[in-house]
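Asks: One structure follows; several queries about it will come next.
The values are calculated or read from the model by the stated rules, or taken from the named source; none is laboratory data. Just so it is clear, the structure is predicted and the values come from calculations on it, not from any experiment. Using ideal geometry, Cβ is built from the backbone for each residue, glycine included, and neighbour counts are taken over all protein chains shown. Areas reflect the complete protein model, heavy atoms only, side chains present, ligands, DNA and RNA absent. Shrake-Rupley method; radii C 1.70, N 1.55, O 1.52, S 1.80 Å.
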Amino acid sequence: MGLPSQTTDEFARLRALAGYDILDTPREREFDDVAELAAEICGTPIAVVSFIDEGRQFFKAEVGLGVRETPLETSCRQAILQSEFLYVPDAARDPRFACSPPVTGMPSLRFYAGALLRTEEGIPLGTVCVLDTRPSALTQGQQAGLRRLARQTMALLEARRSARVQQIQKELQERILDSATDYAIIAMDRAGRVTRWSVGAERVLGWREVEMLGDPAHVFFTPEDREAGRPEAEMALALEQGFAPDERWHLRKGGERFWATGEMMPLKAADGSAQGFVKILRDRTRQRAEAADRGASEMRFRSLVEVSPQVVWFGDAGGEITYCNPTWYAYIGLTPGDTDGDGWTGAIHPDHRERVLGVWKQAVATQGPYEIEIPFRRASDGQYRWFLARGRPVRGEAGTVESWIGIAIDIHDRRQAEDDLRRTREQLRLAVEATGTGVFDYDLVSDELKWDARILSLYGLPPDAPVDLNVHLARVHPDDRARADEAVRAAVDPAGDGVYDVTYRTVAPEDGIVRWVSAKGQTLFEDGRPVRLIGFARDVTESRRAEQALRETEERYRLAARATNDAIWDWHFATNHVRWNEALQVAHGHAPDAVEPTGDWWIGHIHPDDRARIDTSIHAVIDGAGTVWADEYRFLRADGSYADILDRGYVIRDKGGRAVRMIGAMLDISERKRAEEHQRLLTGELQHRVKNTLALVQAIASQTLRGAGDINEMRETFAARLISLGHTHDILTQASWTEAPIGEVVEGALCVHRQADASRIRISGPNVLLSAKAALSLSLALHELATNAAKYGALSNEGGVVDLRWHVVHAGDAPRFCLTWSEQGGPPILAQPARRGFGSRLIERSFAAEVGGEVRLIYAPTGLTCRLEAPLASMQERRGEAAA
């Protein structure tokens, strides 16, 4: 092998050196052994395995040097690399190295001998060399040994590179296997036991590699396949034919079945002998289901095409019709063979046939879609109906046209509707012009607003004035501007109904004229986005003025109606409709939703005893020539009671004198009626009370005078009885002679006797309200009992007492009132009285006769006991008094 030329491509050498990936790597035992053996063979203190890089030499192994790299001048590098074996006994005497820093400086090298490391292509990479700090020499055997060590180093280097390449390839294969996660890749020995289980196998099948290594691979076959010997059959087929395809159900670790496709192949050694198998599986369950769905979808599509009410057709790449669905043949009345080629064109109206064929041929020539409206003849009645025909080419993966597909839709009714719409629009235009209405059209996409001349005039603008939304808002009255703007925003809001309805005023700055404008419109939406607002507007100034005047009139009427409590009614005879004001509810409780607005409802709420009279009186005025009606009746309130009403009405007649309407007011006079009745009752009551009182005074005077022996005694007794009567009258007067509490009656009757010592007359009993007659009778009876006790009984000495008790007994059919006067501690009663005195007779007359009660007087030795008993109803009855 010749020496390398000085023109060796340095770039190629450095690239070859880099291919061994040796630079800057850690020390390795194999290379260290080479350096130690070189130092030992040559007897030098320094030995290195050196690789020459750009501007430096890297020591893969070194003995005695202590560094891993040193700088290297270009001249030294060339000298080292150009010699197959460089031998320098004394570097200080060799002009190539005499000036080199390692020679002139530290470490003061003097001796160098190195064998070149060269690739099989002859590219020098470095040396195996020995060095010394003093001149030295090598024998031929030592030089030969150094060369052998260089060759051994290159063998180590090649083996190292091969191992590294193999490791890289192995890692790459592992990464490829592990990255193929969609595939389950399983390696097996000849017996079918798992030797390699990829990451994809773990993901697809569920078992981890550590679980499967050394176990049979048939676990992921279904039980029926294992029983049928499917795993063994696959291995046999793979050995026989080189592969065994597989497409069937398999099992995951959890027992779930999945559909997989794959194949099994034999793993062969270098001599061709089978070492095992590799099986590749891919989960295709979803794809199988999708394929089934596609098949079903295609079946549904074919079925839909067959039953579609639209015409569906297919054609080949050249535009020849190959299929039409039954709808087409049923319509034109032909068979499939009759429409082959251009046979279908016979169904086109003759006046349109040339046009249609021209469009179709142009589409075929340009391989583009088309759309055209065609009149086809219907076989059933010979009528030509319009169809919308569409077609497009179907392109393959390469982009070339493979076939054609198209449909034809019956649009005859739609075209008829469009013609009707055009006529309707023309009629609408004429109607708009006739009614003085203007039309606006707002394109929301381009923000373009269009007004006709009539709307322009409503804003005080000339017919050719440009307009936009700002012009609209600028000429709207300031008080209406916000509302007009909000109306537009609401109309174009996709969340709303798109209705535009607003009334506002416009003001023309040129003349200041104010006009009322009513605008109505509808927003059109596409895909939830407003695209157009179209509508009309008209001048409503005169109607607004009339409405304002009417509102002012109605407001005056409303305020006048609210200023009174009268229920005002407005009766239209033609419709029998009656309108009421708020007072019907305020005064009589009838809620508006409960009132039937008819004259029948009003008449039906008049008291039955008054109804005929009122119906006669009011119709006498309506049917006659009069205009004023007034009458009184009772009106049914919502709570069921009746109100006394004074009703007045005014009849409105047309020019012919016919009554058309009547307006009136119901004045509630219930309070006045009650006051009049009360006044009448008071007058009667006063007459009755005066008569009774005078009769009672006359009786008291008569009885007092009849039994009196002394005029002074007679005067005192008569006065005391009148005073007691007066106290009771005071109590009844406070209650308007209706009723009085028994406690007050008792206190009034006994006040004279209780003034000295109230404890001597003990009083107890429930609160009972007494009528006027019962109160007077009880008051006189108690006064007589107390007077007798003061003269002869318990109150005549210092130690006697009186117990006065009353209660109500609830027994039998009706409750009874019971009162007991009991005296103790007075002078003993030794014998019964020989005669009945005036007091006893007064008690019996005033109590028993007046209220129908019972009186019992018991003269016990310990003292007098008086029991008064009467029905409670008699003690509280008032009607009888008024009637007396």
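Asks: Separation between the GLN367 and ARG481 pseudo-spin-labels, each 7 Å from Cα along Cα→Cβ, expressed in nm?
Replies: According to this spin-label approximation, the distance is 6.3 nm.
Asks: I would also like to ask the following. Can you give the accessible area of TYR442, probe radius 1.4 Å, in Å² rounded to 10?
Replies: My reading of the accessible area for TYR442 is about 20 Å².
Asks: Show me the three semi-axes of the equivalent ellipsoid for region 390-528, from the C-alpha gyration tensor (sqrt of 5 times each eigenvalue), largest first, rounded to whole Å.
Replies: Semi-axes, largest first: 43, 20, 14 Å.
Asks: Here is a further query. From largest accessible area down, sort THR133, THR506, THR865; use a 1.4 Å probe on the protein chains.
Replies: Accessible-area ranking of THR133, THR506, THR865, largest first: THR133, THR865, THR506.
Asks: OK, next. Among ALA537, VAL514, ALA482, whose Cα projects farthest towards the positive end of the dipole of region 480-547, with charges put on the beta-carbon of Lys, Arg (+1) and Asp, Glu (-1)?
Replies: Toward the positive end, the furthest listed residue is VAL514.
Asks: Still on this structure, I have one more. Just check region 346-460 against the gyration tensor rule for me: Cα atoms, a ≥ b ≥ c as the square roots of the eigenvalues, rounded for a/c under 1.5, and otherwise prolate or oblate depending on whether a/b exceeds b/c.
Replies: Numbers: a/c = 4.07, a/b = 1.83, b/c = 2.22.
The shape class here is oblate.
Asks: Quick one: which residues, 5+ away or cross-chain, put their amide H under 5 Å from the amide H of TYR642? H built at 1.01 Å from N.
Replies: Those qualifying (amide H under 5 Å, at least 5 residues apart or on another chain) are ARG637.
Asks: Then there's this: Provide, as a two-decimal number, the C-alpha radius of gyration of the chain over 2.2 N^0.38 Å, N being how many residues it has.
Replies: Compactness ratio reported: 2.30.
Asks: Another question about this same structure. With every protein chain present, what is the per residue accessible area of the chain (1.4 Å probe, Å²)?
Replies: Per residue, the chain has 55 Å² of solvent-accessible surface.
Asks: Which one of GLY438, LEU868, VAL130 has its Cα pushed farthest toward the positive end of the charge dipole of the chain, where Lys and Arg give +1 and Asp and Glu give -1 at the Cβ?
Replies: LEU868
Asks: Then there's this: With all protein chains present and a 1.4 Å probe, how do HIS352, HIS577 order by accessible area, largest first? Could the numbers behind the result be given before it?
Replies: On the way: HIS352 50, HIS577 75 Å².
So the residues, ranked largest to smallest area, are HIS577, HIS352.
Asks: Then there is this: How much FRET efficiency would the formula 1/(1 + (r/R0)^6) give for ARG203 and GLU298, where r is the Cβ-Cβ distance and R0 is 41 Å, rounded to 0.05?
Replies: On the way: r = 32 Å, r/R0 = 0.79.
Efficiency computed from Cβ-Cβ geometry: 0.80.
Asks: May I pose another question? Shape of region 226-294 from its Cα gyration tensor (a ≥ b ≥ c, root eigenvalues): rounded if a/c is under 1.5, otherwise prolate when a/b > b/c, or oblate?
Replies: On the way: a/c = 2.62, a/b = 2.04, b/c = 1.28.
It comes out prolate by the Cα gyration axes.
Asks: Give me the net charge for the shell around HIS572: Cβ to Cβ below 14 angstrom, other residues only, Lys and Arg +1, Asp and Glu -1.
Replies: Charge balance in the 14 Å sphere: +1.
Asks: By how many nm would the segment from LEU421 to ALA191 grow when fully extended, if each residue of separation counts as 0.36 nm and the alpha-carbon distance is taken off? Walk me through the intermediate numbers first.
Replies: Values: separation 230, 0.36 × 230 = 82.80 nm, distance 8.43 nm.
Extending this stretch completely gives an extra 74.4 nm.
Asks: Let me know the charge dipole size of region 191-340 about its Cα centre in debye, to the nearest 20, where only the beta-carbon of Lys, Arg (+1) and Asp, Glu (-1) is charged.
Replies: 700 debye
Asks: In degrees from 0 to 90, rounded to the nearest 10, what is the angle of the helix 285-307 Cα long axis to the longest principal axis of the chain?
Replies: That works out to roughly 70 degrees.
Asks: With the full set of protein chains in place, find how many percent of the accessible area of the chain is carbon and sulfur; take the probe as 1.4 Å.
Replies: Here carbon and sulfur together make up 53 percent of the probe-accessible area.
Asks: Could I ask something else about it? Placing unit charges on C-beta atoms (Lys and Arg positive, Asp and Glu negative, everything else neutral), compute the dipole magnitude of the chain about its Cα centre in debye, rounded to 20.
Replies: On the way: 108 positive and 130 negative charges, 477 e Å.
The calculation lands at about 2300 debye.
Asks: Can you give me the Cα centroid spacing of region 575-619 and region 257-277 in angstrom?
Replies: Spelled out, the Cα-based centre of one part sits 106 Å from the other.
Asks: Which residues does a label at ILE409 reach in region 351-382, if reach means a backbone N under 12 Å from a point 7 Å past the Cα toward the Cβ?
Replies: 372
Asks: For region 36-52, what does the Karplus curve 6.51 cos²θ - 1.76 cosθ + 1.60, with θ = phi - 60°, yield as ³J(HN,Hα) per residue in whole Hz, taken in order and with x for Gly and Pro?
Replies: Once rounded to whole Hz, the list reads 5, 5, 5, 5, 5, 5, 8, x, 10, x, 10, 8, 9, 9, 10, 10, 8.
Asks: Of HIS783, PRO336, GLY396, whose Cα points farthest to the positive end of the dipole of the chain (charges on the beta-carbon: +1 Lys, Arg; -1 Asp, Glu; origin at the Cα centre)?
Replies: Result: HIS783, furthest along the dipole toward the positive end.
Asks: With a 1.4 Å probe and all protein chains kept in place, how do ILE409, ILE46 rank by accessible area, largest first?
Replies: Output order, biggest surface exposure first: ILE409, ILE46.
Asks: Right, another one. Once label points are set 7 Å from the Cα along Cα→Cβ at both ARG286 and THR25, what is their separation, rounded to one decimal in nm?
Replies: It works out to 4.5 nm between the two label points.
Asks: Another question about this same structure. Report, by chain and number, residues whose modeled amide H sits under 5 Å from the one on GLY276, excluding near sequence neighbours (fewer than 5 apart, same chain).
Replies: Those qualifying (amide H under 5 Å, at least 5 residues apart or on another chain) are LEU267.
Asks: At 0.36 nm per residue, and after removing the present C-alpha to C-alpha distance, how many nm does the segment from ASP615 to ALA814 gain when stretched out fully? Mind showing how you got there, number by number?
Replies: On the way: separation 199, 0.36 × 199 = 71.64 nm, distance 4.75 nm.
Additional length available on full extension: 66.9 nm.
Asks: Using a cut-off of 13 Å between beta-carbons, work out the net charge of the residues near GLU40 (Lys and Arg +1, Asp and Glu -1, GLU40 not included).
Replies: Neighbourhood net charge equals -3.
Asks: Just the accessible area for CYS866, please: 1.4 Å probe, Å², rounded to the nearest 10?
Replies: 0 Å²
Asks: Could you give the nm distance between label points at ASP182 and TYR859, where each point is 7 Å from its Cα heading toward the beta carbon?
Replies: Computed distance between label sites ASP182 and TYR859 equals 13.6 nm.
Asks: When the Karplus curve 6.51 cos²θ - 1.76 cosθ + 1.60 is applied with θ = phi - 60°, which whole-Hz ³J(HN,Hα) does each residue of region 135-144 get, with x for Gly and Pro?
Replies: Running phi through 6.51 cos²θ - 1.76 cosθ + 1.60 with θ = phi - 60° gives x, 8, 9, 10, 7, 4, x, 5, 5, 5 Hz.
Asks: May I pose another question? I need to check one value: relative contact order of the chain, counting alpha carbon pairs closer than 8 Å and at least 6 residues apart, in percent.
Replies: Computed value for the chain: 4 percent relative contact order.
Asks: Still on this structure, I have one more. Counting only GluC sites (Glu not before Pro) that sit in a DSSP loop (anything but H, G, I, E, B) with at most 16 other Cβ atoms within 10 Å, what is the longest stretch of the chain containing none of them?
Replies: So the longest stretch without any such site is 583-797.
Asks: Under 18 Å between C-alpha atoms is the cut-off here; go through the chain and count lysine pairs that meet it, provided they're at least eight residues apart or on different chains.
Replies: Summing the qualifying lysine pairs gives 5.
Asks: Could you work out the relative contact order of region 188-257, using alpha carbon pairs under 8 angstrom and six or more residues apart, expressed as a whole percent?
Replies: Relative contact order for region 188-257 comes out at 31 percent.
Asks: Which residues does a label at VAL445 reach in region 509-541, if reach means a backbone N under 14 Å from a point 7 Å past the Cα toward the Cβ?
Replies: 524-533
Asks: Rounded to whole Hz and in sequence order, give me ³J(HN,Hα) for region 512-529 from the Karplus expression 6.51 cos²θ - 1.76 cosθ + 1.60, θ = phi - 60°, writing x for Gly and Pro.
Replies: Those phi angles translate into x, 6, 9, 10, 8, 10, 10, 10, 9, x, 9, 8, 9, 10, 10, 6, x, 10 Hz.
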